[in-house]
Every structure is written in structure tokens, then in C-alpha cells.
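Colleague: One structure, pasted below without further comment.
The values are calculated or read from the model by the stated rules, or taken from the named source; none is laboratory data. The structure displayed is predicted, hence computed values, not measured ones. Every residue, glycine among them, receives a Cβ derived from its backbone with ideal geometry; neighbour counts consider all protein chains shown.
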Ligand code: AMP
């Protein structure tokens, strides 16, 4: 038997109700904050991610699913959505009428990471981006929105970790100070960090290898090196968050180690997930639109790990699958034929009705109606068809009422309308 690909997974019908609930919650909340949905392809030219995410990141170095298509073009299954959305923003000149754009997309991402609990090779993200706003309010607004999103879903034990990465004016001073420390502890760093240390020392702060974490425990904090503009920006963000009642804590290790990331970076962490504690992450990237060939445009975005959210909520939130308003227990071929057309008419009217398709006893059919949680059962056999009347049973109260079969679909539609 052919199995699915390692690190990939099926989302089975029993789980889908929860996925849909999360999606509906996101869509309603994002709409209230003025975000529009955009849908971008899951495959792009490899170059977009190489330039958009950065050559010396884990993702681009070793995690991308890249292939050469039959025309010899190098294509990659998207490992994240930001680069694609920025490409679309530039390509369709979404800035032409108004550079301010708030966008979101929900869909699968692909990274060839080592599969483990909470980490997949195809996983889903809810990705949100805002273009054209340089001031601190949009930063606070996005983190606030994210906080509300988790609250609405009932994830109370979540905390926003916050840092600022400064800008091309102040970051070089911090890099220099950090490089000084890294040179002293070089032999304690993992091979990746040793290699990256010269080109991108900030990445070392982000490394999850315990010896690296230990080696940089006393590293300077970038917030102590911010220029006046960056400090003011960061202070406004934290002030706004405090006033909005969003719980946060400063985390000097939180870096998005790419050169164009600027100023505010954040991650939402929860202790409900064990080792994979980050359920969302994001930050400002004021340089990326220009790097990818667009007009200089400040921007900020975040991505929520959908699978991890499902994992958290699966333990605490039961989203009920829809239950039929009616089950038609039909006995005999003639009754089944009639029932089939009644079901069709009721489904067309938006009412969920089930029936038995095989030749089953009344007892078996009642059992199935019960298992499905049907609110009512209509029992129809040869005798009912002959008399033109049948019994409609309320499954909760067990009360029975008689219903005439002439025009029964219309009558049931009236009775069962939610
Ligand atoms: P990133 O794009 O790496 O900042 O990730 C944003 C969020 O996506 C993370 O906080 C995770 O919740 C989720 N995520 C990232 N990689 C994976 C993965 N391989 N499997 C499941 N979720 C992931």
C-alpha cells in the first residue's frame, strides 16, 4: 500500500471542523481590522525565496523543496508566504492607488525539516502582511490582533515576546559588539553558527543548540544599541501594547536573522506546546519590497502556525461536526426511492438530511440515526406509502407526530428550517 510522504499528513474529516472554526475566527477578526484576503501560488521561481528569505538561512540553505521542471526552470514549493505576497504586491502594482495594503492568506507551506511532533514538511500558516505604514501603531495593531485571535480561540496561556532589531543606522554598532563576544566564545558554537558568525552574527542569537544558547547567554541586548528613532518607535509599540492590554515581555534573543528585517520582531509563545513553543512569529521588514524590485515601502507581517494551533485547541476545544436535522428510515425499495428525492429536495433547501442506502432493518436504521445525532426520524415503509401518512419522531423527547406524505418535502422544509 502506498503511504503518504514522510512529514506530510492528512487532515481527516473529524479534525476539519476545528480547522474551519479557526479559519472562520481568523477571517472575521482580520476583516474587522481591514485585512483583505489574497491567494498566491504554492510554487514560485526559486530565486524569489533565495532573495526574499536570504541565502544564509536554514530555510534556503537546506529546507526548500526545489525542482527543475521540464523546461529547465528552477522552481520551489513555497516555504513561507511573505516573499510571494511581496512579489504580488510589486507585480500587480498594488501600491499604485494607495500604498497602504493589509493582506492575509491561509495555506500550505513546505520545508524539509526533520519531522517531529509539531513540525511537519507540509504545514499550514495563516499569514498576515501590512504594507505602506512606517509608524509604530501598525506594529501594535498586528500584535493586538494576534492576541485577540488567540483569546477568541480560548488560548489564554500565550505571551508575546518582543524585540527590536534596529535599522541600518544602529544595527552595525550592535553587530560589532556581538561579533566581539562571538570571537571569544567561537569554539563553543555549533558548526552552522561558526560559519555564519562572520556574515550574519545575529543568527547565532537565534540558534536552538544548547551550547550556542549558553555561549551567548551574556550577549549584549540590541535594545541597548538602538538609535533615537528606533528607540522611540519601540517605546511607542510597547506603550501601545500596554494600553491595549496585550501581555508581552522583552526578549533580547529574538531575532529574525535577515538583513532587511528591521525594528519590531515578535513571537507568540505558549507553554501548551512543549518544545515547539512558538505558535506565531513576525516582524517588520522595511527593506524587503525594495530588495525584490518594488518601491521603498515599509512593511510588517506575521505567520501563525496553523497545525500547532490545532494541536493546542484539539486538547481543549471540541467543535461539533454538523448533525442531520432528519434521518429518513426507509424500508423497502419503493420507500427508499421516495426518500431519495425528499432528501435531495431538503438538501437543496439547505437542510442536512441522511438516509440509509442499503436494505437495513428498522432497528439498524434507528441505531444509525442515533449515532449520527439526528434530531428527528421519519419512518416510511410500504404501509406508510399505502396510507399516505408516516410518523415523525423527535429523537430527544421520543414524541411522535403524524405527517401526510403528499407534499412531505415542503412540509418538512417548514418544520426543519433552522
Ligand atoms: P516562521 O515562518 O518560521 O516564522 O514560522 C511561523 C510559525 O509557523 C511558527 O511559529 C510555527 O508555529 C509554524 N511553523 C514553522 N515551521 C513549521 C513546521 N515545520 N511545522 C509546523 N509548523 C511550523
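Colleague: Looking only at residues in region 344-374 that are in contact with a helix residue (DSSP H, G or I) (Cβ under 9 Å, 6 or more places away or on another chain) and buried (at least 17 other Cβ atoms within 10 Å of the Cβ), which one is modelled with the lowest pLDDT?
Modeller: 356
Colleague: State yes or no: is residue 266 modelled with pLDDT of 95 or more, within 15 Å of the ligand (Cβ to nearest atom) and within 21 Å of residue 134 (Cβ to Cβ)? Don't jump to the end; show me each part of the working.
Modeller: Numbers: modelled with pLDDT of 95 or more: yes; within 15 Å of the ligand (Cβ to nearest atom): yes; within 21 Å of residue 134 (Cβ to Cβ): yes.
Here the answer is yes, as residue 266 does meet what is asked.
Colleague: If you don't mind, there's one more thing I want to ask. Residues that are under 30 Å from the mean Cα position of the chain (by Cα) and buried (at least 19 other Cβ atoms within 10 Å of the Cβ): which helices (runs of 4 or more DSSP H) entirely in region 165-268 hold 3 or more of them? Break it down into steps so the answer makes sense when it comes.
Modeller: Working: elements: 171-184, 191-196, 202-206, 210-215, 228-244.
It comes to 202-206, 228-244.
Colleague: Which is in the same structural domain as residue 243 (by TED's automatic domain parsing), under 23 Å from residue 240 (Cα atoms) and either surrounded by fewer than 20 Cβ atoms within 10 Å (Cβ to Cβ) or at pLDDT 95 or above (or both), of 83, 88, 134, 96? So that I can check it myself, show each step before the final result.
Modeller: Details: 83 fails: under 23 Å from residue 240 (Cα atoms); 88 fails: under 23 Å from residue 240 (Cα atoms); 96 fails: under 23 Å from residue 240 (Cα atoms).
Selected residue: 134, the only one of 83, 88, 134, 96 that is in the same structural domain as residue 243 (by TED's automatic domain parsing), under 23 Å from residue 240 (Cα atoms) and either surrounded by fewer than 20 Cβ atoms within 10 Å (Cβ to Cβ) or at pLDDT 95 or above (or both).
Colleague: Select from region 295-324 the residues that are surrounded by 19 or more Cβ atoms within 10 Å (Cβ to Cβ) and more than 16 Å from the ligand (Cβ to nearest atom) and list them in ascending order.
Modeller: 297, 298, 324
Colleague: When residues of region 314-343 are filtered for being touching a helix residue (DSSP H, G or I) at 6+ places or on another chain (Cβ under 7 Å) and free of Cβ contacts under 8 Å to residues at least 24 places away in the same chain, how many remain?
Modeller: 0
Colleague: Based on this model, can you work out whether residue 108 counts as farther than 19 Å from residue 260 by Cβ, within 9 Å of the ligand (Cβ to nearest atom), under 20 Å from the mean Cα position of the chain (by Cα) and in the same structural domain as residue 305 (by TED's automatic domain parsing)? Steps first, answer last, please.
Modeller: Working: farther than 19 Å from residue 260 by Cβ: yes; within 9 Å of the ligand (Cβ to nearest atom): no; under 20 Å from the mean Cα position of the chain (by Cα): yes; in the same structural domain as residue 305 (by TED's automatic domain parsing): yes.
So residue 108 does not fit the description; no.
Colleague: Need the failing condition index for residue 33 against (1) surrounded by 14 or more Cβ atoms within 10 Å (Cβ to Cβ); (2) under 19 Å from residue 120 (Cβ atoms), just the number.
Modeller: (2)
Colleague: Tell me which of these residue 158 doesn't satisfy, since it passes every other one: (1) more than 23 Å from residue 236 (Cβ to Cβ); (2) in contact with a helix residue (DSSP H, G or I) (Cβ under 7 Å, 6 or more places away or on another chain); (3) within 15 Å of the ligand (Cβ to nearest atom).
Modeller: Status for residue 158: all satisfied but (1).
Colleague: Residue 374: touching a strand residue (DSSP E or B) at 6+ places or on another chain (Cβ under 6 Å), assigned to a loop (DSSP other than H, G, I, E, B) and either assigned by TED's automatic domain parsing to the domain that holds residue 333 or closer than 17 Å to residue 339 by Cα (or both), yes or no?
Modeller: Criteria met by residue 374.
Colleague: Got a number for residues in region 38-68 being out of contact with any helix residue (DSSP H, G or I) (no Cβ under 8 Å at 6 or more places or on another chain), more than 16 Å from residue 196 (Cα to Cα) and not in a strand (DSSP E or B)?
Modeller: So the count comes out to 5.
Colleague: Could you go through region 377-384 and let me know if any residue there is on the phi > 0 side of the Ramachandran plot and touching a helix residue (DSSP H, G or I) at 6+ places or on another chain (Cβ under 8 Å). I'd like the intermediate steps shown before the answer.
Modeller: Filtering region 377-384 for residues on the phi > 0 side of the Ramachandran plot gives none.
No, region 377-384 has no match at all.
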